[in-house]
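K.L.:
Provided herewith is a single structure, encoded as structure tokens, for subsequent inquiry.
The values are calculated or read from the model by the stated rules, or taken from the named source; none is laboratory data. Bear in mind the structure is a predicted one, so any value in this text is a computation, not a measurement. Neighbour counts run over all protein chains shown; Cβ positions are idealised from the backbone, glycine included. The area values use the complete protein model at the heavy-atom level, side chains included, leaving out ligands, DNA and RNA. Shrake-Rupley method; radii C 1.70, N 1.55, O 1.52, S 1.80 Å.
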Amino acid sequence: MVKVGDVVEYAEGLRASVENIYLISSGEFVNEKRYNGNGYDIMLMLNDSMGNFNICFRDKPRMSPRK
């Protein structure tokens with residue numbers, strides 16, 4: 001689980017703080033960010049010593065427990 005304010009490693013040895021978290025629906029504007037429908041579900045706005053940048057992720061479906 002990631003929260004706003006957490007520090008995450010976004011590449012080997014590179015860390016940034018989470019400024020904002022966007023949940024995305026295909027082809028819609030979400031919090032003024034245009035999503036192009038390329039299959040990504042989550043966008044993190046990160047901040048490091050160079051400034052702000054966005055990274056997109058796919059949300060993996062949860063597997064139901066075996067019965």
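K.L.:
Against the condition open to solvent by 60 Å² or more (accessible area, probe 1.4 Å), modelled with pLDDT of 90 or more and touching a Gly at 6+ places or on another chain (Cβ under 9 Å), how does Glu12 come out, does it pass?
P.N.:
no
K.L.:
Can you run down the residue pairs with Cβ atoms below 8 Å, 6 or more apart or on separate chains, where the first is in the stretch 31-55 and farther than 20 Å from Ala16 by Cα and the partner is at pLDDT 90 or above and in a strand (DSSP E or B)?
P.N.:
Short answer, once both residue conditions are applied: Asn31/Asn20.
K.L.:
Where the second residue is in a loop (DSSP other than H, G, I, E, B) and modelled with pLDDT under 90 and the first is over 13 Å from Cys56 (Cβ atoms) and lies in the stretch 1-28, which pairs have Cβ atoms under 7 Å and are six or more apart or on separate chains?
P.N.:
Correct list of pairs: Val8/Val2; Val18/Val2; Gly27/Tyr35; Gly27/Gly37; Glu28/Tyr35.
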